[in-house]
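Presented below is the structure to which this report refers.
Each value in this text was obtained by applying a stated rule to the coordinates, not by laboratory testing. Because the structure is predicted, anything quoted here is derived from the model rather than measured. Glycine also receives a Cβ, built like all others from the backbone with ideal geometry; neighbour counts cover every protein chain displayed.
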Amino acid sequence: MAMNRTKNNVRLPPEVNRVLYVRNLPYKITGEEMYDIFGKYGAIRQIRVGNTPETRGTAFVVYEDIFDAKNACDHLSGFNVCNRYLVVLYYQANKAFKKLDAEKKEAELVAMKAKYGLNTPGRTETKT
């Protein structure tokens, strides 16, 4: 009971999240093996292991409790699995979408310049 009271007084850094993003996983790791490794730190709501060429070797681990996620992140970053050292980060949606957003803005800018006949840097207009 006393432990719950102290938990409520703890201020967590803003990046701490219930969702962990794990990189550098062995490609053949199974969901069961992930539960064995990450389940030691608390109740897990969901684990999604990457299964496409772009997402292989990565996973998302969602904990029920933010303190369990913090504990897992603190202890499992650098953990050796099949001679690979895990990289465990807090998932940050804004960072994940930043690159996508920048590419979208660039495409919009190019389209806008084309629409209004503006030069884009590096392009030379030829006069006839």
Worksheet entry | Cleavage-rule hits (trypsin sites (Lys or Arg not before Pro)) in the range 33-119: DSSP loop, at most 16 neighbouring Cβ within 10 angstrom | R56
Worksheet item: Given 0.36 nm per residue, what is the gain on full extension from A102 to I66 after removing their alpha carbon distance, in nm?
Response: 9.9 nm
Worksheet item: Could you name the aspartates and glutamates in cross-link range of K113, using Cα to Cα under 17 Å and dropping any fewer than eight places away on the same chain?
Response: E103, E125
Worksheet item: Can you list the HN-Hα couplings for the range 14-27, worked out from phi with the Karplus curve (6.51, -1.76, 1.60; θ = phi - 60°), rounded to whole Hz and with x for Gly and Pro?
Response: x, 7, 5, 9, 6, 9, 9, 10, 10, 10, 6, 7, x, 4
Worksheet item: In the range 35-105, which GluC sites (Glu not before Pro) are in a loop and have at most 13 other Cβ atoms within 10 Å, using DSSP for the loop call?
Response: E54, E64
Worksheet entry | Low-density loop positions, chymotrypsin sites (Phe, Trp or Tyr not before Pro), the range 40-70 - DSSP coil, at most 15 other Cβ in 10 Å | none
Fill in: aspartates and glutamates whose Cα lies under 12 Å from that of K40, excluding same-chain neighbours fewer than 8 positions away
D68
Practice prompt. Starting from the Cα-Cα distance between M112 and D36, subtract it from 0.36 nm times their residue separation and give me the gain in nm to one decimal.
Written response: 22.2 nm
Worksheet item: If you stretched the chain out fully between N51 and N94, how much longer would it get, using 0.36 nm times the residue separation minus the C-alpha to C-alpha distance?
Response: 13.2 nm
Worksheet item: Out of residues 5 or more away from V81 or on other chains, whose amide H comes under 5 Å of its own, with H placed 1.01 Å from N in the peptide plane?
Response: L86
